[in-house]
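Below: one structure, written as structure tokens.
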Amino acid sequence: MWGPAVRRACARGASLSRALGSRAPPGGAAAAAAQASIHRLPCEFPSARYYSTVADGHDDDAAWNAAWGDATAELTTAEMPFEESAGRLRKLLQTELLLHTDLQDRPERFFRAHRALGRHAVPHGPGFFIRFTVQYNLFAGTVLAVGSEDQVAKLHDMQKAGQLGCFGLTEKFAGVQSGLVVNTTAEWDADTDTFVINTPNDGAKKNWISQGFTADKAVVMASLKVGGKDCGPHAFLMDLRHDDGTVAPGVVMDDMGRKTTGNDLDNAWLHFDNVTVPKDALLNRYCDVVDGQYVQKVKGMRPFDMIGQRLYTGRIAVAQAALEYRRALFEVTKRYSDNKMSPSMNGAFALSNIPQLKAIYAEADETGARVDAFVARCEELLIDCIKEERLPSPTLIDAIATCKIRAVETSIDLCFRLKQEVGSFALMDDAGFKHMDFLQCCKFAEGDSRILMQKLARDTMKRLKTDRWEGATEDEVRLSLKLSEDMASEIAASGDKQKAWDDNFRTVYALAEATMDRVEDSVWD
Ligand SMILES: Cc1cc2nc3c(=O)[nH]c(=O)nc-3n(C[C@H](O)[C@H](O)[C@H](O)COP(=O)(O)OP(=O)(O)OC[C@H]3O[C@@H](n4cnc5c(N)ncnc54)[C@H](O)[C@@H]3O)c2cc1C
């Protein structure tokens with residue numbers, strides 16, 4: 001099952017330390033050398049404390065780590081044309097080091113691979129990480145979540161052939177509410193036993209689709225209509241291109257253009273004009289069309305809810321990538337400031353000793369360790385669910401949302417403040433700060449921070465109202481009461497619930513913060 005790269009590494013008896021690469025020794029080296037070393041930032045695995053404990057059971061982990069480190073050490077550069085970067089992922093797939101199905105069979109490896117690739121974003125931007133997570137989590141993960149056995153088997157064929165897949169959820173006018181709003185349609189044609197996929201208007205175009213221009217296949221979310229009845233959003237596995245690379249009939253696509261970072265990744269808009277796909281394009285583990293009728297195979301299992309499960313693995317992977325980017329950026333910057341001397345009355349001292357920089361390094365260590373541990377705990381709990389094939393509890397779902405928000409927001413805050421304090425180094429092309437918009441992408445990937453926060457606040461309000469719930473903290477109770485009272489008086493005046501909610505957004509987000517504080521503690525119970 002393993003490809004040649006891992007077999008070679010095993011034969012050499014490669015160890016984890018080999019995969020870790022070498023860190024520049026603190027102090028001693030000249031600042032210029034520290035700066036130059038950024039280019040060689042190894043694809044490191046974080047120290048063992050970030051591993052989930054469930055990873056310990058695999059005897060061959062060290063060899064796998066080494067092989068994965070080798071295979072991903074020189075993946076892409078920010079300047080690489082996206083076609084070439086797509087080619088690198090095709091080759092990585094064909095090593096079979098990480099199988100499309102590892103998300104469910106060896107989830108600890110799936111997460112470890114994400115963590116390691118998060119570090120690439122400092123020297124090379126986020127393009128490859130996004131490409132990778134879309135392939136493995138959103139595309140293949142959705143097929144695993146709602147595909148039949150035959151459909152999952154196609155993932156193996158794709159992997160061997162090095163074929164790429166993208167995930168088409170976001171629509172132009174749905175933005176962060178995509179999923180709630182799906183205007184792309186898939187209509188059952190009983191005469192031909194096919195589905196016909198259409199983009200009814202410009203606002204329903206799929207946009208921002210990562211790898212959408214280079215992919216061979218797509219999982220596309222579309223509202224299914226059978227016999228005129230609207231059955232809600234469903235996932236379709238379809239060909240975007242034929243084997244010779246030509247675009248499938250009725251599919252119109254283009255790359256969206258240059259971005260501030262990550263231009264080695266294609267982000268496409270997609271338009272479907274009467275695209276005919278076969279019956280087995282519908283990912284059909286939980287539903288199907290039988291004798292012209294829509295059938296739910298497992299009562300109570302709505303396919304869209306199961307697709308939502310993929311967002312949980314994605315949220316943890318994104319949280320980890322944000323943390324790894326933050327960690328790598330701080331390491332690179334500290335190497336520089338340890339070696340950059342500043343004059344003073346008492347002789348020269350290293351820039352790292354300037355009080356505000358010293359304080360931010362210490363804060364990053366402390367906050368980083370706390371959030372790392374929280375994310376690792378969520379990973380561990382989610383891996384248990386995946387392995388035992390059970391759905392995560394509502395508490396874990398809230399914890400996963402919280403860990404993604406906290407990892408991304410603390411990383412943004414720390415990196416931004418570091419940039420303000422370190423001086424001209426931050427402006428250098430190769431310092432890594434220019435890829436900080438990676439963290440911006442993490443903000444809305446797999447659930448926008450603001451939307452998740454509103455959900456957490458709403459759920460807390462509901463629980464306090466309905467079950468006389470005693471698990472809430474004092475802050476949650478106080479803020480929920482305030483929000484209820486302020487909203488009640490506004491609703492009495494205007495009758496508009498949504499407006500009352502929006503007008504009180506500060507209290508909403510304060511309540512979300514209080515909820516996240518409780519949730520963060522809850523995973524250790
Ligand atoms: C690099 C990249 C890769 C991506 N890859 C994919 C992919 O492979 N597949 C895919 O389907 N999608 C993908 N996306 C889309 C992404 O997941 C987001 O859904 C999308 O970028 C949202 O963008 P928007 O600016 O249109 O959102 P908008 O909806 O316009 O939101 C803009 C801002 O307003 C805020 N906002 C919006 N509505 C509300 C509200 N009701 N309450 C409070 N705040 C609100 C949000 O916080 C957000 O920051 C990608 C995006 C990027 C940038």
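The values are calculated or read from the model by the stated rules, or taken from the named source; none is laboratory data. From a predicted model like this one, the values you see are computed outputs, not experimental measurements. For neighbour counting, all protein chains shown are included, and Cβ atoms are generated from backbone atoms with ideal geometry for every residue, glycine included.
Summary of computed values
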item	result
Residue in the stretch 399-410 that is of a type in the set (Val, Ile, Thr), within 16 Å of the ligand (Cβ to nearest atom) and farther than 24 Å from Ala376 by Cα present	no
Among (1) over 25 Å from Gly175 (Cβ atoms); (2) within 16 Å of the ligand (Cβ to nearest atom); (3) not acidic (Asp, Glu), the one test that Arg478 misses	(2)
In the stretch 188-230, residue nearest to the ligand (Cβ to nearest atom) [restricted to those that are of a type in the set (Ser, Thr, Tyr) and part of a strand (DSSP E or B)]	Ser210
Selected residue (only one of Phe444, Phe416 is under 25 Å from Thr515 (Cβ atoms) and within 16 Å of the ligand (Cβ to nearest atom))	Phe444
Subset of the stretch 428-480 that is of a type in the set (Phe, Trp, Tyr) and modelled with pLDDT of 95 or more - its residue that is surrounded by the most Cβ atoms within 10 Å (Cβ to Cβ)	Phe438
Test: Glu490 is surrounded by fewer than 15 Cβ atoms within 10 Å (Cβ to Cβ), more than 16 Å from the ligand (Cβ to nearest atom) and more than 20 Å from the chain's Cα centre (by Cα)	no
Contacts under 6 angstrom Cβ, first residue in the stretch 501-518 being closer than 16 Å to Cys403 by Cα, partner surrounded by fewer than 21 Cβ atoms within 10 Å (Cβ to Cβ), 6 or more apart	Ala514/Asp475; Arg518/Thr473
Matching option when the condition is surrounded by fewer than 21 Cβ atoms within 10 Å (Cβ to Cβ) and at pLDDT below 95, among Val152, Val122, Val176, Val146	Val176
Candidates Lys225, Lys259, filtered to the one that is over 26 Å from the mean Cα position of the chain (by Cα), of a type in the set (D, E, K, R) and in the same structural domain as Thr194 (by TED's automatic domain parsing)	Lys225
Filtered residues of the stretch 66-89 (kept if under 20 Å from Asn263 (Cβ atoms), in contact (Cβ under 8 Å) with a residue 24 or more places away in the chain and part of a loop (DSSP other than H, G, I, E, B))	Leu75, Thr76, Thr77, Ala78, Glu79, Met80, Pro81
Qualifying residues in the stretch 292-338 (those that are part of a helix (DSSP H, G or I) and among the small types (Gly, Ala, Ser)) - the one farthest from the chain's Cα centre (by Cα)	Ser337
Matching entry among Ala248, Ala235 (being within 14 Å of the ligand (Cβ to nearest atom) and either without any contact (Cβ under 8 Å) to a residue 60 or more places away in the chain or buried (at least 24 other Cβ atoms within 10 Å of the Cβ) (or both))	Ala235
Members of the stretch 419-441 that are polar (S, T, N, Q) and either farther than 16 Å from Gly118 by Cα or away from the ligand (no atom under 13 Å from the Cβ) (or both)	Gln420, Ser424
Yes/no for Val252 being closer than 16 Å to Pro200 by Cβ, β-branched (Val, Ile, Thr) and part of a strand (DSSP E or B)	yes
Out of Ala348, Ala322, Ala369, Ala359, sole residue that is buried (at least 16 other Cβ atoms within 10 Å of the Cβ) and of a type in the set (A, V, I, L, M)	Ala322
Hits in the stretch 160-181 (condition: more than 8 Å from the ligand (Cβ to nearest atom) and part of a helix (DSSP H, G or I))	Lys160, Ala161
Residue in the stretch 447-467 that is farther than 21 Å from Ala510 by Cα and either outside any helix (DSSP H, G or I) or within 16 Å of the ligand (Cβ to nearest atom) (or both) present	yes
Leu311 being buried (at least 19 other Cβ atoms within 10 Å of the Cβ) and out of contact with any helix residue (DSSP H, G or I) (no Cβ under 7 Å at 6 or more places or on another chain)	yes
Subset of the stretch 112-135 [more than 12 Å from the ligand (Cβ to nearest atom) and closer than 18 Å to Gly447 by Cα]	His114
Asp157 being outside any helix (DSSP H, G or I), surrounded by fewer than 17 Cβ atoms within 10 Å (Cβ to Cβ), away from the ligand (no atom under 14 Å from the Cβ) and free of Cβ contacts under 8 Å to residues at least 24 places away in the same chain	no
From Arg518, Arg506, residue being more than 14 Å from the ligand (Cβ to nearest atom) and among the basic types (Lys, Arg)	Arg518
Any hit, the stretch 208-217, residues being of a type outside the set (Lys, Arg) and touching a Phe, Trp or Tyr at 6+ places or on another chain (Cβ under 6 Å)	no
When residues of the stretch 284-327 are limited to those that are among the acidic types (Asp, Glu) and modelled with pLDDT of 80 or more, the one farthest from Ile405 (Cα to Cα)	Asp291
